[in-house]
Amino acid sequence: MIFESHAHYDDERFAEDRGELLTQLPTLGIKRIINVASTIESIDVCVKLSKEYPHVYASVGVHPSELEGMTDDVIDHMKQLTADEKVVAIGEIGLDFYWEKDEEAQNNQKDWFIKQLALARAVDLPVIIHSRDAAEETMRIMKEHATGLDAVIHCYSYSPELAREYVKMGYYLGIGGVVTFKNAKKLVTTVEQTPLNRILLETDSPYLTPEPFRGERNDSGKLFYVVEKIAQIKGLSTQEVEEVTWNNACALFRMNR
């Protein structure tokens, strides 16, 4: 059994076959999926999908690159939605300085990151963290504002050394299709050095499709290639990788195993 900890089935690239795909995935062994909001508009869609499919759960939050129109009313709306048992996390939230170089815009990202961390604390839910080209500031904010929160660093892309710091803080690393890429030496080293009990499986569907399908639309059925790569790196069976990462995700999102 595989637990998909990060997908975006609300994305328009699934418009034509969303229902068919989500219905089929459990028959392939993908038994649980966290569908993660990234825009203000996607928040309600993610919750709606979680109600339509028993194996799909929702995370509500606004991505740092999608903050246009963000207000305290949006935070209040997310807070109301967390009363639903199918809403299991706040995310994806964080910082993305890859696209945004303007200091004022970066400060705006920091402000809403901190506010969404505060929401997670208020409703006692784990957080799904997006961080790109913002390693130092993400770590600073996590240390100052996320103490005591459970978290996964989604699509982990930084150094093995920083990964060790996050693991010491009790956080998980989200590992997906990038680990299969030929130029992913740093991530392979990170996976090699990170205890399996701190790793979650994810696709970030429809993005970051693993080899040998790179360039195509991603979906949770392709997680088996990620499992195989992690098993190869760590010298374990694919069954052990599936079992341990399943238990990890259940622990983070507070679900029965």
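The values are calculated or read from the model by the stated rules, or taken from the named source; none is laboratory data. Just so you know, these numbers come straight off a predicted model, no measurement behind them. Here Cβ is always computed from backbone atoms with ideal geometry, including for glycine, and neighbour counts include all displayed protein chains. Just so you know, the surface numbers come from the protein's heavy atoms only, side chains and all, with ligands and any DNA or RNA stripped out. Shrake-Rupley method; radii C 1.70, N 1.55, O 1.52, S 1.80 Å.
Return the long-range amide H neighbours of ALA151 (sequence gap of 5 or more, or a different chain), with a cut-off of under 5 Å between placed amide H atoms.
Counting only residues 5 or more places away or on other chains, the set is VAL127, TYR172.
Dividing the Cα convex hull volume of region 100-215 by residue count, how many Å³ per residue is that?
Per residue, the Cα convex hull of region 100-215 comes to 119 Å³.
Do any GluC sites (Glu not before Pro) in region 1-41 lie in a loop, going by DSSP, with at most 13 other beta-carbon atoms within 10 Å of their beta carbon, and if so which?
Taking region 1-41 and a limit of 13 other Cβ atoms within 10 Å, the loop GluC sites (Glu not before Pro) found are GLU16.
Assign unit charges at the C-beta atoms only (+1 for Lys and Arg, -1 for Asp and Glu), then state the dipole size of region 201-240 relative to its Cα centre in Debye, rounded to the nearest 20.
80 debye
In nm², what is the average projected area of the convex hull enclosing the Cα atoms of region 1-70?
With every direction weighted equally, the projected area is 4.6 nm².
Under 5 Å between amide hydrogens, which residues at least 5 positions from ALA134 or on another chain qualify, with H placed 1.01 Å from N in the peptide plane?
PHE97
Using only the alpha carbons, work out the radius of gyration and Dmax of the chain in angstrom.
Cα radius of gyration and Dmax of the chain are 16.9, 49 Å respectively.
As an exercise, use a Förster radius of 22 Å and the Cβ-Cβ distance of VAL123 and LYS143 to find the FRET efficiency, rounded to the nearest 0.05.
Result of the calculation: an efficiency of 0.55.
Read phi for every residue in region 247-254 and hand back ³J(HN,Hα) as whole Hz from Karplus 6.51 cos²θ - 1.76 cosθ + 1.60, θ = phi - 60°, with x for Gly and Pro.
Running phi through 6.51 cos²θ - 1.76 cosθ + 1.60 with θ = phi - 60° gives 5, 4, 5, 4, 5, 5, 8, 6 Hz.
What is the Cα coordinate range of region 1-118 on the first, second and third principal axes, sorted by size from largest, in whole angstrom?
Over region 1-118, Cα extents along the principal axes are 47, 30, 25 Å.
Karplus couplings for region 103-116 from phi (6.51 cos²θ - 1.76 cosθ + 1.60, θ = phi - 60°), rounded to Hz, Gly and Pro as x?
Coupling constants for region 103-116: 4, 5, 5, 5, 5, 5, 4, 4, 4, 6, 4, 5, 5, 6 Hz.
What value, in deg cm²/dmol to 500, does the helix sum -39500 (n - 2.57) over DSSP H runs of n ≥ 4 give at 222 nm once divided by the residues of the chain?
Calculated at 222 nm, the ellipticity per residue is -13000 deg cm²/dmol.
7 Å from Cα along Cα→Cβ at both LYS168 and GLN232: what's the point-to-point distance in nm?
3.2 nm
Through the Karplus equation 6.51 cos²θ - 1.76 cosθ + 1.60, θ set to phi - 60°, convert the phi angles of region 121-127 into ³J(HN,Hα) values in whole Hz; use x for Gly and Pro.
5, 5, 9, 6, 10, x, 10
Relative to the present Cα-Cα distance, how much length would full extension add between LYS48 and ARG254 at 0.36 nm per residue of separation?
72.1 nm
Just the number, please: carbon plus sulfur as a percent of the accessible area of region 129-256, 1.4 Å probe, no ligands or DNA/RNA counted.
Its accessible area is 47 percent carbon and sulfur atoms.
Just HIS154, HIS63, HIS145 to compare: in a GNM of the chain, with alpha carbon springs under 10 Å, which one fluctuates most?
Maximum fluctuation in the GNM of the chain, among the listed residues, is at HIS145.
Non-local amide H neighbours of MET255 (under 5 Å, H modeled in plane, Pro and chain starts lacking H): which ones?
Distant-sequence amide H within range of MET255: zero hits.
For region 45-99, report the translational diffusion coefficient in µm²/s to the nearest whole number, using Stokes-Einstein at 37 °C, 0.692 mPa s, and a Kirkwood Rh over Cα pairs.
For these conditions, the coefficient is 271 µm²/s.
Report in % the part of the accessible area of region 14-67 that belongs to carbon and sulfur, leaving out ligands and nucleic acids; probe 1.4 Å.
Solvent-exposed carbon and sulfur of region 14-67 make up 50 percent of the total.
Between GLU68 and ASN107, 0.36 nm times their residue separation minus their Cα-Cα distance comes to what?
Residue separation times 0.36 nm, minus the Cα-Cα distance, leaves 12.7 nm.
What number, in percent, do you get for the relative contact order of region 89-203 if the mean sequence gap of Cα pairs under 8 Å and at least 6 apart is divided by its residue count?
Dividing the mean separation by the residue count of region 89-203 yields 23 percent.
Along each of the three principal axes of the Cα atoms of region 40-177, give the extent in whole Å, ordering the values from largest to smallest.
Cα spread of region 40-177 along its principal axes, largest to smallest: 40, 31, 29 Å.
Taking only Cα atoms and a 10 Å spring cutoff, compute GNM fluctuations for the chain and point out the largest among LEU223, LEU28, LEU200.
Looking only at LEU223, LEU28, LEU200, the biggest GNM fluctuation is shown by LEU28.
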